[in-house]
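K.L.:
The structure's right below; bear with me while I get my questions together.
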Amino acid sequence: MSRARVARRIAAGAAYGGGSIGLIGVAAVGILLAEAQLAKRTVGTGTAPLPPAADGLYGRAFGTEDPLRLALLGDSTAAGQGVRRAGQTPGALLASGLAAVAERPVALKNVALSGARSDDLERQVSLLLAQPLGPPDVCVIMIGANDVTHRLPATESVRLLAAAVRRLRTAGAEVVVGTCPDLGTIEPVYQPLRWLARRASRQLAAAQTIVVVEQGGRTVSLGDLLGPEFAANPREMFGVDLFHPSAEGYATAAMAVLPTLCAALGVWPEPDRLEPGRREDVLPVAKAAAEAAKQAGTEVTGVRAPWALLKHRRRRRLTEPAETGQEAGAEAGAGPDGGAEAPGELPEGRGEPLPQDAPRT
């Protein structure tokens, strides 16, 4: 069965309250559990530092009035576990990058929790919506890895994610979801667990894309990002526990999410236009989801149902906010722990307009 059909089945099961649709066959469960025990002996032997607090105002060079409000939700990847400085967390990197592109200050609030599964999203969303200032302008959610490792049924996982996105969108927030990373790239995981983990991760990522797009959000594939780049440089991309990303790993992930984050707010200088030269296309949402799961940094945005735009935006290099005090922070335009240089060249806006029968929503 194709990945698109599996993803659609998982999403449909979530929508209609179906039972668990297994990501792997029953016969493979025993092998998976045995290999998992072997992997546990190696993964986590180092101690990853707790996520540093990075909440605060970024882009002070653009003033302090009327900031864009950015929130992060999800698991340890969204929280930034594995790095020691606030400026190395994905929240700080995204806030600094967004401030540089939008030329506005950005107020960051991170409610992500290390170890969280999708069943914690309801609590996290409630925390955000209870804030006195109201809902954020945009939310970034990174979730799914713990759902796979703790065997949360895929239908339940995507149902919970869809509910969280729906609540945020109803409240008026834009939503960008970094889909489930490819757990098959974790260095101490061996075959056949590696193959099973990769398969489960990609199937969940595709199903997540379907339900997020149906709720009016956008997704960015993180799965394959943890493929060639992480597999080629595991010592650089993974932290001391060989599970959480390193500072370089988080920068790579944030660099992939930033263009979509900016586009969701209408500040990315590159329009939402079809560019066939970048292998972009308007596809049925299930097929777009399956294609996105194969390649890192691929954005999926809904157009008129049941179509979705598969987009490959040019990335910007992110520079870690310098931690040199308030004066340097004011000059560089970052937040509570310093500044951030404008991350690279802005892409030129070009391309072909979307087909008339598939207008962007």
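The values are calculated or read from the model by the stated rules, or taken from the named source; none is laboratory data. Predicted model, so just to flag it, every value in this text is computed and none were measured. Positions of Cβ are generated from backbone atoms using ideal geometry, with glycine treated the same way; all protein chains shown enter the neighbour counts. Ligands, DNA and RNA are excluded from the accessible area calculation, which covers all protein heavy atoms including side chains. Shrake-Rupley method; radii C 1.70, N 1.55, O 1.52, S 1.80 Å.
K.L.:
Out of everything in the stretch 96-143 that is among the acidic types (Asp, Glu) and outside any helix (DSSP H, G or I), what residue ends up being most open to solvent (accessible area, probe 1.4 Å)?
P.N.:
Glu103
K.L.:
Here is a follow-up. For the stretch 84-123, how many residues are farther than 20 Å from Gly144 by Cβ and of a type in the set (Val, Ile, Thr)?
P.N.:
Going through the stretch 84-123 one residue at a time, the tally reaches 2.
K.L.:
In the stretch 272-293, how many are more than 24 Å from Arg198 (Cβ to Cβ), open to solvent by 30 Å² or more (accessible area, probe 1.4 Å) and in contact with a His (Cβ under 9 Å, 6 or more places away or on another chain)?
P.N.:
Residues meeting the conditions: 1.
K.L.:
Restricting attention to the stretch 64-84, and to residues there that are within 22 Å of Ala264 (Cβ to Cβ), in contact with a Pro (Cβ under 6 Å, 6 or more places away or on another chain) and in a loop (DSSP other than H, G, I, E, B), which single residue is most open to solvent (accessible area, probe 1.4 Å)?
P.N.:
Pro67
K.L.:
Could I ask something else about it? Of everything in the stretch 135-162, what is under 19 Å from Ala205 (Cβ atoms) and over 17 Å from the mean Cα position of the chain (by Cα)? Give them in sequence order.
P.N.:
Thr149, His150, Arg151, Leu152, Pro153, Ala154, Thr155, Glu156, Arg159
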